[in-house]
Amino acid sequence: MGQLVQYVQSYLKSNQTPGAAGNIFWMLVYIMLVFVGLSVAVIAMNWLERKILAHMQVRLGPMRVGPHGLLQPIADALKLLLKEDIMPTEADSAIFWCAPFIVVLAAFTVFVVVPFGPTHAITDMNIGILFMLGVSSLSVLGIVMAGWASNSHYPLIGALRSSAQMVSYEVAMGLAVVSAVLMTSLNASGTGTLSMIGIVEAQQAQGEWFIFKFFPLGLIAFFIFAVAMVAETNRAPFDLAEAESELTAGFHTEYSGFRWSLFFLAEYSAMIAVSSIAVTLWLGGWLRPFPHWLGGATWDQIFSFVPGVTFLFLSAITFFNVVRMPKHPYFRIQTIGLAGFGAVLGFIGLALFVPGVRVRIQDIFWFTAKVAGFMYLYIWYRGTFPRYRFDQLMKMGWKVLLPMGLGVLLLTACVGLFQQNLWHR
Amino acid sequence: MLHITTLHYLVLGAALFLLGVIGVLTRRNVVIVLMSIELILNAVNLNLVAFSRMWGGLHGQVFAIFIITDAAAEAAVGLGILIAFFRNKETINIDEVNLLKW
Amino acid sequence: MLIGGILVITRKNPVHSALALIVTLLAQASIYLMLYAPFVAGVQIILYAGGIMVLFLFVIMLVSIDRSMRERQFNSQWVAGIIAATALGGLFIAVYTKGTNIFPDHALPVVENDNTQKIATLLYGQYMFAFEIASLLLLVAIIGAVVMAKKKI
């Protein structure tokens, strides 16, 4: 037992990611943590999307299943698992089986390099951002296979349109990413890095997030990436390939039950993955806001209280809603459930005030908060924008975003070179 | 545990090259012939990178990147020709690509 | 990787062949990682498995008709093909058995972390001309593919 404590302590003192340190046990622990966290995040996204969309459309959303519909995702998951697994007769069975598997694999493998903190990543590959771009382009293959294997018109057209859209916007994404990576090389030694942790550390060393660098170039690059990432994940307003009124659910029409839930899981994971790329590259990863204007030890201390305060605030909202529940005996169980949920949130908030936990959780909290902001933006886009027609979509990808990306890259390179020459005269 | 030397990589590259050559020479479907050409190019890349590892310089890897780029261009053009041909003749049997025959 | 290669050349359904090729390419990327070439592995995944194979799958869907799948799949020249392959294989075996001593074992060097930077230095320094020519080649290929696949010029 003492040896176990010693082992845990030796890990907590290390300053490398488990992958770099070659420590297989901790790598497996991290992989399990990321996997569980991602599943919880997808479930939460399901609930949040329905509730937030509903509130944007001035209605209430799911309210029946649990208190305020909190158990709705579990009901959805149960329904999907218990549904009959239909496979069309003429479909190519080997490919029909493989396609959702490939999409899920591509969406989940990306999280190997996502940095939740300076040492909180599963591993820190030297080519981190290249790996993420490459693996997320493998999901296009899964979609094409899914459309082809269903052997019917709607999925095939939906799959071809969807994959053409994804491939087009990958180019714009790549250009925006390159211009951000270019900004990492503006340091004394003149070498940049492709590793995700290195990019955030470059932002820390240069003292500003890349979104504000060389204003407005960082902002335009971020904007290009933000648009391209929404198109890449086939979300509104670029969801022509899977919209219900257009193509009867596009490439996953013929999938039912568990296989459809795999596509759905992969879509949300891909959303979280590209949002974490955007957060790492432009919004400073795990760095707290205003690292330099409000710098110094006291401000660090104050900002480290924010995670606990956030959770306490959330639990306060929950308790407020508990009080507002109808006082009917039918609602007793729901009221108790909601109060329990609020108590759990409050407990987490209090636990985050403990000094040791506070310091380590802080990085993960800021990263997750920024990604959560992006998720809210995704849902906001879905509730607000009308859908793009397919030719308008392709026109925008190739004729608008690509030249803008090239221009931003050229200008960033010129301004960066100018700045370097000013320093090392 | 077998110590993996450069020779092992070269033999793997040679085997892949042989598979690609057999594919090019014996299949009738044009798309599969093009895919076998990609196999051949990959075998060559493997050889290059293995040798670059052996000699320590990175020239082999740079050349491999150029070959990957080149393979992309060639696949695009080849498939374009295939589509143009298919539009006229409605078949992808490589035995029937005989427009120059009497 | 070899199993993937064998599946590529032997499957009747071209979509199965394409999938086997994807498996082969991904295995190739992992072999590049074993050879301490992470940048080439990343480029391979992005370009080959994520780009070229999508192109192949698109074209297979456009031109693949069921009639072609029911025909005989092997060429009428398969005898010549097997003979050529055997000759080539014999040549390879001769080279490798005679020359086992000329390939020195590589000593395991320190894993460098700046593979990408070194490749970039080479690419933009010594091979700059080839880089520009490659971009011109890609431009020509794009224009050629678009012109060839259009319905009317």
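Each reported figure results from applying straightforward, stated rules to the coordinates on display, with no laboratory input. These numbers were taken from a predicted model, which means no experiment stands behind them. Here the Cβ is made from the backbone with ideal geometry for all residues, glycine too, and neighbour counts use every protein chain on show.
Between B:Phe66, B:Leu46, B:Leu82, the Cα set farthest toward the positive side of the dipole of segment B:6-91 (charges on each charged residue's Cβ, about the Cα centre) is that of B:Leu82. Near A:Val114, the amide H atoms lying under 5 Å from its own belong to A:Ile122; only residues 5 or more places off or on other chains count, and H is placed 1.01 Å from N.
If you take all other residues with their beta carbon under 13 Å from the beta carbon of A:Arg50, and give Lys and Arg +1 and Asp and Glu -1, the sum is +2. Using the Cβ atoms and a cut-off under 12 Å, what net charge is assigned to the surroundings of A:Glu232, where Lys and Arg are +1 and Asp and Glu are -1? Net charge in that neighbourhood comes out at -2.
Compared with the dominant principal axis of the Cα atoms in chain B, helix B:59-89 is inclined by about 10°.
The ranking of A:Asp239, A:Asp391, A:Asp300, A:Asp76 from fewest to most other beta carbons within 10 Å of each one's beta carbon is A:Asp391, A:Asp300, A:Asp76, A:Asp239.
Computed from backbone phi with θ = phi - 60° and the Karplus coefficients 6.51, -1.76 and 1.60, the 3J(HN,Hα) list for segment A:146-160 is 5, x, 5, 6, 7, 6, 8, 5, 4, x, 5, 5, x, 5, 5 Hz; x is used for glycine and proline.
Neighbouring Cβ atoms from other chains, within 10 Å of the Cβ of residues in B:38-47, number 4 on average. If you take all other residues with their beta carbon under 15 Å from the beta carbon of A:Ile317, and give Lys and Arg +1 and Asp and Glu -1, the sum is +2.
Which of B:Lys89, A:Lys327, C:Lys12 comes first, and how do the rest follow, when ranked by fewest Cβ neighbours within 10 Å?
Numbers: B:Lys89 12, A:Lys327 9, C:Lys12 15.
Final ranking by Cβ density, sparse to dense: A:Lys327, B:Lys89, C:Lys12.
Determine the relative contact order of chain A: mean sequence separation of Cα pairs under 8 Å and six or more apart, normalised by residue count, in whole percent. Before the final figure, lay out the partial values.
Numbers: 568 pairs, mean separation 88.7, N = 425.
21 percent.
Over 27 Å between Cα atoms, which of A:Lys79/C:Lys12; B:Lys89/C:Lys150; A:Lys51/A:Lys83; A:Lys83/A:Lys327; A:Lys51/A:Lys79 qualify?
A:Lys79/C:Lys12; A:Lys83/A:Lys327
Principal-axis analysis of the Cα atoms of chain B puts helix B:30-55 at an angle of about 20° to the longest axis. With neighbour counts taken as other beta-carbon atoms within 10 Å, the residues A:Leu281, A:Leu377, B:Leu10 rank, fewest first, as A:Leu377, B:Leu10, A:Leu281. For chain A, the residue among A:Gly356, A:Phe101, A:Ile31 whose Cα projects farthest onto the positive side of the dipole built from Cβ charges is A:Gly356. Close amide H pairs (under 5 Å, H built 1.01 Å from N) link A:Ser256 with A:Ile86, residues at least 5 positions away or on another chain.
Rounded to the nearest 20, the size of the Cβ-charge dipole of the protein assembly as shown about its Cα centre is 1020 debye, with Lys and Arg at +1 and Asp and Glu at -1.
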